[in-house]
Amino acid sequence: MSPFPITMIVLLLGSSRPKANGLAFLPGWVAGIAVIVAALTLLLDTVEASGSGDPNALAGILCLALGAGLLLLAGRKFAKRIKQSTAGSLPRWMASAETMAPSRSLVTGLALSAANPKNPMITAAAGVTIGAASLSVSEELWAMAAFLVVCSVTVAIPAAGYLLAR
């Protein structure tokens, strides 16, 4: 979903503690995404179970709001691209990858899953879609797991590649 986690996992795998940092970053990234998708799925399931409202109407409103937010982000990004940009220095969180402790790698994974506003919006849309669908609990869990795999493959492949072919 974003180049930041890919960049970070590559930097961590090139750090002084690549195995520990890579294996700590991956669950942080997955956990950050899982919390968002599970919360929205649970919210819509709760609305449906309570009978206090139409979950499909709420899902529609949430999807429209998320779509509008993504359009605003795209417009802002487009406006910034028009301006002349200069290459700056490496952000501190990237520069610190060389000496990062595994616990900090885990926290960085959690933070990066929500740092780029696009990530939580897309993840929330997935949670809304899964929660609004007429699925059993096990089907919802499988749908969430499939979404997590798709979102995490770009981080998991470099980590697995390092472990298999150091």
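General observations
- Per the listing GLY67, GLY75, the residue uniquely at pLDDT 75 or above and surrounded by 11 or more Cβ atoms within 10 Å (Cβ to Cβ) is GLY67.
- Restricting attention to region 11-54, the residues that are touching a Pro at 6+ places or on another chain (Cβ under 6 Å), open to solvent by less than 60 Å² (accessible area, probe 1.4 Å) and at pLDDT below 85 add up to 2.
- Exactly one residue among ALA146, ALA79, ALA115, ALA101 is within 16 Å of PRO3 (Cα to Cα) and of a type in the set (Gly, Ala, Ser), and that residue is ALA115.
- In the set (1) at pLDDT below 80; (2) among the small types (Gly, Ala, Ser); (3) touching a helix residue (DSSP H, G or I) at 6+ places or on another chain (Cβ under 6 Å), ALA57 fails one condition alone, (3).
The values are calculated or read from the model by the stated rules, or taken from the named source; none is laboratory data. It should be emphasised that the depicted structure is a prediction, and the values quoted were computed from it without experimental measurement. Using ideal geometry, Cβ is built from the backbone for each residue, glycine included, and neighbour counts are taken over all protein chains shown. Just so you know, the surface numbers come from the protein's heavy atoms only, side chains and all, with ligands and any DNA or RNA stripped out. Shrake-Rupley method; radii C 1.70, N 1.55, O 1.52, S 1.80 Å.
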